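**Student:** Once you've had a glance at the structure underneath, I'll fire off some questions.
The values are calculated or read from the model by the stated rules, or taken from the named source; none is laboratory data. Predicted, not measured: the structure shown is a model, and the values here were computed from it. Note: ideal-geometry Cβ built from the backbone for every residue, glycine included; neighbour counts use all protein chains shown. Side chains are part of the model used for accessible areas, which takes the heavy atoms of the whole protein and leaves out ligands, DNA and RNA. Shrake-Rupley method; radii C 1.70, N 1.55, O 1.52, S 1.80 Å.
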Amino acid sequence: MTKDNGLADLFGSAEHIAVERGLAEFRSGRPVVIAGAGKTTLAMPVDGMDDAQLASFRRLCAPVTAHLVVTPRRARALGLDANGPVGLALGAADDAAAIGTLAAAAGAERNLTTVPASTAAGAAIELAKLAQRLPALLMADSPAAASELPLITVKADAVTQFRQVAIASLAVAAEANVPLNGGLQARFVIFRDAIGGSSVAVIVGRPDLKQPVPVRLHSACLTGDVFGSRRCDCGDQLRLALPQLEQRGGGIILYLEQEGRGLGLANKIRAYQLQDFGLDTVDANTVLGFDDDERDYGVAVRMLQVLGCTRVRLLTNNPAKLDGLSNAGIDVSGRVPLQGPINSDNRRYLTAKATRAGHKLDHLVGVLADAGERPREP
């Protein structure tokens with residue numbers, strides 16, 4: 001084994017290390033160079049961009065003119081037909097605010113001129129999502145002058161593989177007993193991945209791993225879990241799950257870093273703002289350029305495997321979670337519904353989940369029937 005190969009085994013491949021550094025650059029609002037298909041392309045997220053950064057990026061790209069790249073979801077929200085990333089021409093008068101409106105606002109009205117999106121556009125969008133930034137970027141073919149600057153270069157192929165690399169890197173970082181209110185005995189097992197993400201397995205009681213273990217896959221929700229938001233049912237489901245696990249002889253809650261169905265906290269709050277203007281939870285996500293649900297349950301599968309839990313009974317209203325685990329080799333023996341309270345603030349959200357996202361919310365159907373309403377079909 002050569003010295004270089006030994007270091008690669010110890011620290012990871014150069015390509016994946018470059019992706020980790022590219023994520024840090026995107027989170028700091030700085031551009032990276034994306035290499036693929038024999039070309040190099042400059043890319044910078046518009047999320048958080050100000051006029052000074054915009055001007056610097058334009059100078060960096062000169063004499064090439066930068067364009068805006070958006071996802072097909074965002075393109076369709078702008079009234080364009082799209083099956084892949086779309087490039088939008090920008091004028092010299094477009095400032096950071098105008099570009100931000102074009103990238104993420106509802107009802108952005110202007111004449112649009114499309115340009116060919118770079119072959120690296122898909123990788124740039126994926127990198128922005130991994131960094132939990134809006135999936136909208138300024139892009140331009142990399143000029144020769146860019147090679148003289150200390151910019152991180154990321155290979156497009158390495159970006160597309162990176163989610164699986166991060167999942168494979170999950171390992172237990174710490175664990176301890178944490179008694180909970182109500183006399184519940186729990187053990188918190190903290191997992192950490194290669195980019196610093198921390199998901200938690202909360203083991204309630206002493207589940208029998210030889211039998212199907214009651215498991216709740218719970219996406220972190222600061223607003224609902226911590227502050228008791230009435231806009232969603234996340235906190236209600238978490239609080240319902242804990243005593244049910246104890247009653248069933250013990251179980252596991254996987255508390256996953258997937259705020260806002262995988263969008264991240266800032267983007268979830270942006271989606272809330274769009275909902276305040278009349279969009280439902282599905283349309284709000286897609287107007288921002290995301291899929292309705294950006295979650296990847298590979299993290300949950302890896303956590304269960306590390307815990308030695310391969311047979312589960314899920315506490316969920318979402319059939320997609322059953323499919324996600326089953327397709328990855330986890331034996332899912334059934335589903336236990338969690339019926340949280342319905343109120344005037346979460347009714348529209350729950351209705352959209354039931355009619356557009358396929359969630360099994362039979363108690364919602366009953367409430368609407370009693371009120372003389374019918375759920376709107378997707």
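**Student:** Filtering the stretch 211-250 down to residues that are without any contact (Cβ under 8 Å) to a residue 24 or more places away in the chain and open to solvent by 70 Å² or more (accessible area, probe 1.4 Å), which residue is farthest from residue 188 (Cα to Cα)?
**Tutor:** 227
**Student:** How many residues does the stretch 308-351 hold that are assigned to a helix (DSSP H, G or I) and either open to solvent by less than 40 Å² (accessible area, probe 1.4 Å) or closer than 17 Å to residue 364 by Cα (or both)? Outline the logic, then answer.
**Tutor:** Residues of the stretch 308-351 assigned to a helix (DSSP H, G or I): 319-326, 347-351.
From the residues that got through so far, the ones that are either open to solvent by less than 40 Å² (accessible area, probe 1.4 Å) or closer than 17 Å to residue 364 by Cα (or both) too are 319, 321-322, 324-325, 347-351.
Summing the residues that are assigned to a helix (DSSP H, G or I) and either open to solvent by less than 40 Å² (accessible area, probe 1.4 Å) or closer than 17 Å to residue 364 by Cα (or both) in the stretch 308-351 gives 10.
**Student:** Related question: Do we have any residue at all in the stretch 48-61 that's more than 22 Å from residue 264 (Cα to Cα), open to solvent by less than 70 Å² (accessible area, probe 1.4 Å), touching a strand residue (DSSP E or B) at 6+ places or on another chain (Cβ under 6 Å) and not in a strand (DSSP E or B)?
**Tutor:** Here is the first cut: in the stretch 48-61, the residues more than 22 Å from residue 264 (Cα to Cα) are 51-61.
From what is left, the residues that are open to solvent by less than 70 Å² (accessible area, probe 1.4 Å) are 52-57, 60-61.
From the residues that got through so far, the ones that are touching a strand residue (DSSP E or B) at 6+ places or on another chain (Cβ under 6 Å) too are 57, 61.
Within this subset, residues satisfying the condition of being not in a strand (DSSP E or B) are 57, 61.
Yes.
**Student:** May I pose another question? When you look at residue 195, is it among the aliphatic types (A, V, I, L, M) and closer than 29 Å to residue 22 by Cα, yes or no?
**Tutor:** Numbers: among the aliphatic types (A, V, I, L, M): yes; closer than 29 Å to residue 22 by Cα: yes.
Judged against the criteria, residue 195 is a match.
**Student:** Right, next: Kindly evaluate residue 112 against the criterion of being aliphatic (A, V, I, L, M), part of a helix (DSSP H, G or I) and farther than 23 Å from residue 258 by Cα.
**Tutor:** Spelling it out, it is not the case that residue 112 is aliphatic (A, V, I, L, M), part of a helix (DSSP H, G or I) and farther than 23 Å from residue 258 by Cα.
**Student:** Residues in the stretch 171-188: is at least one aromatic (Phe, Trp, Tyr) and in contact (Cβ under 8 Å) with a residue 24 or more places away in the chain?
**Tutor:** Start the filter on the stretch 171-188 by keeping residues that are aromatic (Phe, Trp, Tyr), which leaves 188.
Now restrict to residues that are in contact (Cβ under 8 Å) with a residue 24 or more places away in the chain: none.
No, the conditions are met nowhere in the stretch 171-188.
**Student:** Among the listed residues 80, 134, which satisfies the condition of being of a type in the set (A, V, I, L, M), assigned to a loop (DSSP other than H, G, I, E, B) and within 20 Å of the chain's Cα centre (by Cα)?
**Tutor:** Working: 80 fails: within 20 Å of the chain's Cα centre (by Cα).
Checking each option against the conditions leaves just 134.
**Student:** Go through (1) under 30 Å from residue 245 (Cβ atoms); (2) open to solvent by 10 Å² or more (accessible area, probe 1.4 Å); (3) out of contact with any Ser or Thr (no Cβ under 9 Å at 6 or more places or on another chain) and name the single condition residue 155 misses.
**Tutor:** All conditions pass for residue 155, except number (1).
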